[in-house]
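Only the coordinates and a few stated rules stand behind these numbers; no lab work does. These numbers come from a predicted model, not from an experiment. Counting neighbours? That spans all protein chains shown, and the Cβs are built from the backbone with ideal geometry, glycine included.
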Amino acid sequence: MTFLLAFTAGFIFYSQQIVANATALSKGRRRGVGAALAVLAGALAGDALWAAGALVVVAISLQVEPLRVIFGVVGSFFFLRLAWAALLDARQNAMPRTDIADAQGGWRGGAQITFRNPYALGFWVGVAALICLLTAPQPLLSDFLLLFLGIMLGAGLWCGLLALRSVSAPSATFFRLVNLIVGVLAALIGVYGLWFVVTHSLAG
């Protein structure tokens, strides 16, 4: 269950990375799937550092009960925020841009996009803490490894799908479907996570 939730979180988070996705689509339209993958691989490498740092923070904070609750609530609200954004995009048929300047592409460009975004650290701290509360209240090293692996593979799945889409004309139907699915999943996880954290903290 830890891996599944982490995998879903990785996919959800990356499907909503507007700048990285737009840059990859722009690069892919000009130079093909490999160029789009280079951007997304760089972005994923940058985010991997934030995710790893977040797991260290969570491992330390789980020893303090108030922090467990606070981070769990934060994680729930992050999911709800992503759900709102995704469902709004689905309603408006929003799509990533495909006219980002070529100079911003490549592995290095992708890594800079995510590494310069400290929002990711807060997101992964909240999400990792919430997943631990839901699936592994006393997480072991193996649980953290599953968390990290799930996040990276879920994000990697999205990167592969987007790279394949980058060589053809953007499809409003594709992005609308993705946003609908992501929005519903994020909303369900956010609502259930918030309910779980609040009820268990009150019971404790």
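The ranking of TYR14, TYR192 from fewest to most other beta carbons within 10 Å of each one's beta carbon is TYR192, TYR14.
Within the range 118-157, list the residues whose amide N lies under 12 Å from a label point set 7 Å along Cα→Cβ of ILE70. None, by backbone N distance to the label point. Here the dipole of the chain is about 600 debye; that uses its Cα centre as origin and unit charges on the Cβ of Lys and Arg (positive) and Asp and Glu (negative). Kirkwood analysis of the range 2-203, using all unique Cα-Cα pairs, places the hydrodynamic radius at 17.0 Å.
Using helices alone, I'd like the mean residue ellipticity at 222 nm for the chain: each DSSP H run of four-plus residues gives -39500 (n - 2.57), total over residue count, nearest 500. It would help to have the intermediate numbers written out before the result.
Values: 8 runs with 169 residues, N = 204.
The helix contribution divided over the chain gives -28500 deg cm²/dmol.
Only one residue of PRO139, TRP50, ILE181 has its Cα farthest out toward the positive end of the dipole of the chain, where Lys and Arg carry +1 and Asp and Glu -1 on Cβ, and that residue is ILE181.
Going out from 0 in 10 Å bins, what whole percent of all Cα-Cα distances in the range 1-110 drops into each bin? Answer for the range 1-110: a P(r) of 13, 34, 32, 16, 4, 0 percent. Listed by Cβ neighbour count within 10 Å, with the fewest neighbours leading, LEU180, LEU44 appear as LEU180, LEU44.
Exposure proxy shown here: for SER168, SER26, SER61, the number of other Cβ atoms within 10 Å sets the order, fewest to most, as SER168, SER61, SER26.
Between the alpha-carbon centres of the range 30-92 and the range 177-193 there is a gap of 14 Å.
R0 = 30 Å: FRET efficiency of VAL198 with SER168, Cβ-based, nearest 0.05?
Numbers: r = 45 Å, r/R0 = 1.50.
So, using R0 = 30 Å, E works out to roughly 0.10.
The value obtained for the range 117-204, namely the Cα convex hull volume divided by the number of residues, is 113 Å³ per residue.
Positive end of the dipole of the range 2-203 (Cβ unit charges, origin at the Cα centre): among LEU157, GLY28, ALA128, the Cα lying farthest that way belongs to GLY28.
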